[in-house]
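Working notes, structure below.
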Amino acid sequence: MATPAVTTAPALPAPAVSPGLARLPLILIAVGGLGVLLGAFVPALQRQFAFSWLLAFMCFLSITLGAWFLVMLHHLFDAQWSVPVRRINEHLACTAPVMAAFFAPILLNAWIAGEDKALYGWLHANPAHDHALYAKKALLNLPVFTVVSLVLLAAWWFLTARLRALSLEQDRTGAADCTRRLRFWSALGIFVFAPTLTLGAILWMKSLQWQWFSTMYGVWYFAGSVWLTVATLYAIMTALHRLGPLAPVMRDGTYHDAGKLFFAFTVFHAYITFSQYFLIWNANMPEETFWYVQREQGSWWHVGLLLIFGHFLLPFLLLLRIDTKKSLTVMLPLAGWAWLMHLCDLSFNIMPVIHADGFVLHPLDLACLAFMGGLLALRFIKDFHAHPPFPQKDPRMAEALGIHLPPAKPGGAL
C-alpha cells in the first residue's frame, strides 16, 4: 500500500554554537597532531606511538561499525523510534573513509618497522618454531594481512556510503523503491558486517598475542562497539535537540528507546565478556589462560575489577529504572563514562603487550585520541551541515512522531 510520506522542513541552518566549542576540533587536531608527530619521528617513542595509535584507531572504529550496525538494524526491522536520529548514525558510519586513512600508519608499521618497534610480533617470529603461529600462518602473514585489511576497509567504505546515498535519495524523491533498496543493502550488509568485524578485531587486536585462542573475540568487540555507539548517539542527539536541528522530531520516547538499547548492550557485553573468561578458566589450557594470567599482574588486576563494576554493574543498576533512561542528568554523564570504560577495556586488551606490569596512561594515548577525534568531529560536522538533519520523507516518520495516518485504500502498493 502507498504510505503517505511526512514532508518536513528542509535542512535547518547551522546551529548556534559558542566560538570556543566550534574551535574545539581544531584545537584537538593541533595539540594531538603535535604529539603524533613526536611519536612518529622520535625513535624512543615509536613503539609506544604504534600501540597508542592502534588504541585510538580501534576505539573510533567502534563508533564507525556500531553506527553502521544501527543503520542496518533500523532498516531490517522497519523501526520507527530511530527514524529521527538515523541521519546521525549514517554520518557516523560514513567516517569509514577517514578510518581507512587512519589505518595507514598501522599498515606502514607492519611493512617497515623493525622487531623492536613492531606492533605485531608474529611478523618476526618463525612458524617452524611456534606451533600457534604455524596453525594460523594462512592468515598471519604480511601479504594476507595487507590484502584482507584493505578489503575490509573498502567494504565498510562502500556499504556505509551506499546506505547514506539511498537515504538522501529518499529525502529528494520519497520513492518507496528507496525503502526496498535500503532493506536489500541492509540485509546484504549484515552478512558482511559479522565476518568483517570479526576479522578486523582478530587481525588488528587479537593477533598482538597470536598464541591466544578465543572464538568469542569478534562478538566481544561487536558488543562493546554498539554499546559505545549508543552512548555517543544519546549525547549527540541531546545536543542537536537542544541546539535546534532535531527539535521538530525529537520525543521523550526517542530518549527512552535509546536508553533501552544502551541497557540491552550493557548486559550483552557483560554476558559475552564473562562467557569468554569462564570458558577459558574452565578449560584451563595454558595457550588460553596465559592471556588472563598476564592481565592479573600489577595494576591490570585493578583495571579488570574496574571493568566488572564500571563497565557493567554501575550502568546496569542506573539503567534498571525506567525514568533514568530519559534523565539527562543521569544519561549524559553515563555516556561520558561509557567512553572511559570502553577505552579501559581496549587498553586491557592491547597495552599489556608493552606494559606488562600495569596500566600506564601515556601522553601519546591522549594525543592520538585527540588527533583522530578532532578530524572525525570535523568530518561529522561537515556532513551534518551538508544534508538535512533528519530523514525528510521516511515512511515511518509519522509513526515516530505519534501521527496516525488513515488506512490506505485497497489495491495500493508499497
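Being more than 30 Å from Tyr292 (Cα to Cα) and either out of contact with any Asp or Glu (no Cβ under 6 Å at 6 or more places or on another chain) or not acidic (Asp, Glu) (or both) is the requirement here; does Leu159 meet it?
On the way: more than 30 Å from Tyr292 (Cα to Cα): yes; either out of contact with any Asp or Glu (no Cβ under 6 Å at 6 or more places or on another chain) or not acidic (Asp, Glu) (or both): yes.
The answer is yes for Leu159.
Can you name the residue in segment 118-129 that is modelled with pLDDT of 90 or more and assigned to a loop (DSSP other than H, G, I, E, B) and is also farthest from the chain's Cα centre (by Cα) among such residues?
Looking at the filtered set, the residue picked out is Ala118.
Taking Arg162 and the conditions (1) farther than 27 Å from Leu369 by Cβ; (2) at pLDDT below 95; (3) not polar (S, T, N, Q), which numbered condition does it fall short on, given that it satisfies the others?
So the condition that Arg162 fails would be (2).
Failed condition for Phe213, given (1) more than 22 Å from Leu61 (Cβ to Cβ); (2) in a helix (DSSP H, G or I), with all others met?
(2)
Answer yes if at least one residue in segment 155-165 is in contact (Cβ under 8 Å) with a residue 12 or more places away in the chain and part of a loop (DSSP other than H, G, I, E, B), and no otherwise.
no
Scan segment 232-243 and tell me whether some residue there is assigned to a helix (DSSP H, G or I), of a type in the set (D, E, K, R) and under 24 Å from Ala154 (Cβ atoms).
Going residue by residue through segment 232-243, those that are assigned to a helix (DSSP H, G or I) are 232-243.
Remaining after also requiring of a type in the set (D, E, K, R): 242.
Filter once more, keeping what is under 24 Å from Ala154 (Cβ atoms): none.
Within segment 232-243, not a single residue is assigned to a helix (DSSP H, G or I), of a type in the set (D, E, K, R) and under 24 Å from Ala154 (Cβ atoms).
Failed condition for Leu246, given (1) in a helix (DSSP H, G or I); (2) of a type outside the set (S, T, N, Q); (3) in contact (Cβ under 8 Å) with a residue 60 or more places away in the chain; (4) crowded, with 20+ Cβ neighbours inside 10 Å, with all others met?
Just one mismatch for Leu246, condition (1).
Name, by its number, the condition in (1) surrounded by fewer than 18 Cβ atoms within 10 Å (Cβ to Cβ); (2) more than 30 Å from Phe278 (Cβ to Cβ) that does not hold for Ser167.
It is condition (1) that Ser167 fails.
Of the conditions (1) surrounded by 14 or more Cβ atoms within 10 Å (Cβ to Cβ); (2) modelled with pLDDT of 95 or more, Gly358 clears all except one; give me its number.
Among (1) surrounded by 14 or more Cβ atoms within 10 Å (Cβ to Cβ); (2) modelled with pLDDT of 95 or more, Gly358 violates only (2).
Mind checking which helices (runs of 4 or more DSSP H) fall wholly inside segment 277-367 and carry at least 3 residues that are without any contact (Cβ under 8 Å) to a residue 12 or more places away in the chain, within 16 Å of Leu261 (Cα to Cα) and under 21 Å from the mean Cα position of the chain (by Cα)?
none
Of the conditions (1) crowded, with 21+ Cβ neighbours inside 10 Å; (2) in contact with a Gly (Cβ under 7 Å, 6 or more places away or on another chain), Trp156 clears all except one; give me its number.
With respect to (1) crowded, with 21+ Cβ neighbours inside 10 Å; (2) in contact with a Gly (Cβ under 7 Å, 6 or more places away or on another chain), Trp156 is out only on (2).
The values are calculated or read from the model by the stated rules, or taken from the named source; none is laboratory data. Just so it is clear, the structure is predicted and the values come from calculations on it, not from any experiment. Reconstructed Cβ throughout: ideal geometry from the backbone, glycine too, with neighbour counts over all protein chains shown.
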